[in-house]
Structure formats: C-alpha cells, structure tokens
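Below is one structure, written out as structure tokens; comments come after it.
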Amino acid sequence: MKVQQINLPYIDQLLALLDTGHPEVDLAFGRHVHWGYWFNPEQALNTPEDFSKAAEHLTREVYSAANVKNGQDVLDVGCG
C-alpha cells in the first residue's frame, strides 16, 4: 500500500521556526499551533502577544463547547 505524502508548507515552516527557537514565533505559536479566537476581531493587534492570547481564547472556547472538566484527559488530534 502506497502512503500519500501530504505537503503543508505553512505548517512545515512554522514547525521549523519553532524548532530553531524563533522568539516571536515561540510566543505566538509555542503553546498552541492555531490562529486563535478574538472576542472583537476588529481590535486585533496582530502582534505575537495578541496571537498568543487569541490562541488561548480559542482553546478555552473549544474546551467549553466540549464540556471538558478539570482533571479530564483530552487528546487533541487536530490543529486549530
């Protein structure tokens, strides 16, 4: 059986920057590799700090929608 290789250059580039310790990329995407959720997108600052906060907001929104409780184990098999 031949396995098809998937080419996702933006993720490959992002992971390469994370591997090399790029400070701004580490701040924006080091904890969560997804774009994020802004409560007021028109007020987005487009800074690494802003992306980091938005990524944390998105994670909390997903956990809330899935009704995840403290102490539960969660397997995240997706990106963003």
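The values are calculated or read from the model by the stated rules, or taken from the named source; none is laboratory data. Because the structure is predicted, anything quoted here is derived from the model rather than measured. Using ideal geometry, Cβ is built from the backbone for each residue, glycine included, and neighbour counts are taken over all protein chains shown. With ligands, DNA and RNA removed, areas are computed over all heavy atoms of the protein, side chains included. Shrake-Rupley method; radii C 1.70, N 1.55, O 1.52, S 1.80 Å.
Assorted remarks:
- Accessible carbon and sulfur surface of the chain relative to its total accessible area, %, 1.4 Å: 54 percent
- Considering all C-alpha pairs of the chain, those separated by over 19 Å amount to 49%.
- The residues of the chain expose on average 85 square angstrom of accessible surface per residue, using a 1.4 Å probe on protein heavy atoms.
- Loop sites in the stretch 10-79: trypsin sites (Lys or Arg not before Pro), DSSP, at most 11 other Cβ within 10 Å: 31, 69
- Loop-located chymotrypsin sites (Phe, Trp or Tyr not before Pro) in the stretch 1-69 whose Cβ has at most 10 other Cβ within 10 Å (DSSP): 39
- Using Cβ point charges alone (K and R +1, D and E -1), the dipole size of the chain about the Cα centre works out to roughly 300 debye.
- Working from label points 7 Å from Cα in the Cα-to-Cβ sense, the residue 1 to residue 35 distance is 3.3 nm.
- Listed residues 48, 22, 65: farthest to the positive end of the dipole of the chain (Cβ charges): 65
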